[in-house]
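The values are calculated or read from the model by the stated rules, or taken from the named source; none is laboratory data. Quick caveat: nothing in here was measured; it's all calculated off a predicted structure. FYI the Cβ positions are ideal-geometry reconstructions off the backbone, even for glycines, and counts take in every protein chain you see. Note: areas computed on protein heavy atoms with side chains; ligands, DNA, RNA excluded. Shrake-Rupley method; radii C 1.70, N 1.55, O 1.52, S 1.80 Å.
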Amino acid sequence: MSNSATAIAASSNGRPRLNPAITAKLQALDPLLDSEWHKEVSALFKDLSNVERKYAFSRHLAPKGIRLDTQAKKLVFPGRPSPTEIRGEIKSPQLHSIINKLEKTYQELRITRDVFDFADLLESSLSIVESFDPNSDLAQKREKNRVRQAHLDQLVSIVRESEFTPPQTRRGLTTGIIKDYLIEVFIRHQMLGYRFRLTPIDELRQWNHPLIAEQIANEAEVRQCDVITTTRYIYLVGPVRDFKQNPYSARRFLSEDSAMNESTAFFQAMAIPLKSLNINKIANHLLWTVTRILTLERQISQDIVKLVEQFKDARLNALQPILKLEIAADGSELEEQIRKRLTAYEEVLVQQILSKLPLAVRQLAKSNDDHDYLFFHLHSLISQLATDVRDYASQYAVAYSKSAEELELRLLSYLCLIEKRQDQIFSVQSQKGPASSANSNTPAQEFRSAINTFEPQAHKLQQKLQALYSAQQKPRGKFGTWWDEVRNTHHKRLAAMASLEREAGQNQKQCLVSMIKTCKRLADLTVFLELEDVIEVDDNQRHYALPAGIEGISALPYLVQLWEDHTLLNFTHLRKSLGENV
């Protein structure tokens, strides 16, 4: 069936509703990273109507910097600015110094031919940017993000134009394989962070080619590989022992280990060229290579293995079907439908996965190997769930849904929290007592305490204000009006109301400051989404995630939105954010 045949009928306001699969591909497309973006767009546009193409261009392509060259009658991408080009817009002297260092690094990268030296420079250049600490200043954080993004954009261009010499490897790495990995895996991961998309093993099993669907998929699962699919290659990346290590490191990808006087080789990752799958010699070499990917030696209890399999099954057979259900066009309010759907999704997630974790870390996991295995698979699963929700939100009807956005943010925040607390929860130490559970509840308890402290005073002040306002609006006869003028009652009431508003604002500000202090003091138990790159920086607001449930792992975290303007603090909304029925 053609794309146009599957495109959803135009909405009532005249804008077309595209097939969700097309929308997802357009959203994921990056004209800088995807060297063949033009071919991909042409393929997607082939079966779209003119109206659908215009809509797809304005909504998905133009915001990415893609322009229509009316003279050449084709789409073009002029590129994105480098750190040098945005220097004049950066106020921080420290970031100016960093840009100077980056410019020197670019010069070195352009003349470096040894690929290992090239990878070293590539990774060290990122460390230069990461060395800048914005100290919780959102304005500084925004500037750092701009410099970092411009730097990553510049690295893409440099890698694409570089002429480094490919090393002699047993995997047969070519310049094309290395460049594609550096851009599509290493740099893309740096750009997207938690939103970096992996290919689930079950998707590999659906390939038409038996080499991928059977042999490669089986080996990737056994060896616990991350799978990344690009236009020309499939990359399998072996697991790291310590989660703080970057599995997609450029230097790690290039390395090869050997044993037994170099008669046996071991690799951290491999590339599968999609155009060569039917060449027997290459296919046999790929099968040999995949058996050489280093596998972590772990003694895993069967209880943990079975639990992880149950979690995977829950995603495929219980959670994904909820998101695939059609959104009814029966006149029901759209956002309410989406909210109910995602509430049901979260309930199933808690029931079939999250609620089982406290018992798993306390009793089922018998060793640190068990805990590591559980943590890595849980992290991968939650990442996939966040991707599923993001794909669900790519539907036209869900595109602006607050419920969908919040669920994704809570899933990503859950990842942040378990990363921060891995050593406290996913270790044999966690079986010794309930201390971590008490600690995990502290941020939410302190938020509720702040609300209980400041909310009663806010109500009293509001009642006084309302009384004065009512008196001010009350109709007065001629004598009453004259008497109020004699006593200057009107101005006295205005002054009293202004005083009460100042007092109410001060009360709100104290509550806001109290909550922010809690998050700063308990940084290991909270997530400041803007500062930790879960959400874009916004001058007007900040978002915090607080652990919820037993051990902080049996439920998704609370997501609390705080406006920088303290007068917008709403106690009712805060209570709802903390799971209270108001």
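Okay, here's what the table says:
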{"item": "Efficiency of FRET from Cβ geometry, residue 367 and residue 582, R₀ 41 Å, rounded to 0.05", "result": "0.40"}
{"item": "The chain: angle of helix 435-473 to the longest principal axis, Cα-based, in degrees nearest 10", "result": "40 degrees"}
{"item": "Under 25 Å from residue 420, Cα to Cα: lysines that are on another chain or at least 8 residues apart", "result": "141, 144, 244, 312, 356, 366, 432, 517, 520"}
{"item": "Reachable aspartates and glutamates, given that their alpha-carbon falls under 18 Å from the alpha-carbon of residue 306 and they are not under 8 places away in the same chain", "result": "202, 221, 369, 370, 372"}
{"item": "Cβ crowding within 10 Å averaged over residues, with 62-72, 26-36, 457-467 ranked highest first", "result": "26-36, 457-467, 62-72"}
{"item": "Separation in nanometres of the label points that stand 7 Å from Cα toward Cβ, at residue 457 and residue 399", "result": "4.6 nm"}
{"item": "Whole-Hz couplings from phi, Karplus 6.51/-1.76/1.60, listed for region 533-547; x for Gly and Pro", "result": "6, 8, 9, 5, 5, 10, 4, 8, 8, 9, 10, 10, 10, 10, x"}
{"item": "Accessible-area composition of region 13-106, carbon plus sulfur, in percent [1.4 Å probe]", "result": "52 percent"}
{"item": "Degrees between helix 368-392 axis and first principal axis of the chain (Cα, 0 to 90, nearest 10)", "result": "70 degrees"}
{"item": "Estimated FRET transfer efficiency when R0 is 60 angstrom, pair residue 429-residue 97 (beta carbons, to 0.05)", "result": "0.90"}
{"item": "Net lengthening on full extension, residue 495/residue 73 (0.36 nm per residue, minus Cα-Cα)", "result": "145.4 nm"}
{"item": "536, 221, 103, 405, ranked by accessible area, largest first (probe 1.4 Å)", "result": "536, 405, 221, 103"}
{"item": "Where labels lie 7 Å past Cα in the beta-carbon direction, separation of residue 538 and residue 58 in nm", "result": "2.4 nm"}
{"item": "Neighbourhood net charge (11 Å Cβ-Cβ; Lys/Arg +1, Asp/Glu -1) for residue 406", "result": "0"}
{"item": "Amide proton proximity set for residue 234, modelled H, under 5 Å, gap of 5+", "result": "272, 274"}
{"item": "Gain upon complete extension [residue 297, residue 316; 0.36 nm per residue less C-alpha separation]", "result": "4.1 nm"}
{"item": "Average accessible area per residue (Å²) across region 186-338 - probe 1.4 Å, nucleic acids and ligands excluded", "result": "53 Å²"}
{"item": "Helical contribution to [θ] at 222 nm, DSSP H n ≥ 4, -39,500 (n - 2.57), averaged over the chain, rounded to 500", "result": "-16500 deg cm²/dmol"}
{"item": "Accessible-area composition of region 382-421, carbon plus sulfur, in percent [1.4 Å probe]", "result": "47 percent"}
{"item": "Per-selection Kirkwood Rh - the chain (Cα, Å, 1 d.p.)", "result": "27.4 Å"}
{"item": "Ordering of 190-196, 143-149 by packing [mean C-beta count within 10 Å, highest first]", "result": "143-149, 190-196"}
{"item": "Diffusion coefficient, µm² s⁻¹, Stokes-Einstein with Kirkwood Rh over alpha-carbon pairs of region 263-372 at 37 °C and 0.692 mPa s", "result": "179 µm²/s"}
{"item": "Principal-axis tilt of helix 93-111 within the chain, Cα atoms, nearest 10 degrees", "result": "20 degrees"}
{"item": "Antiparallel DSSP beta bridges within the chain, percent to nearest 5", "result": "95 percent"}
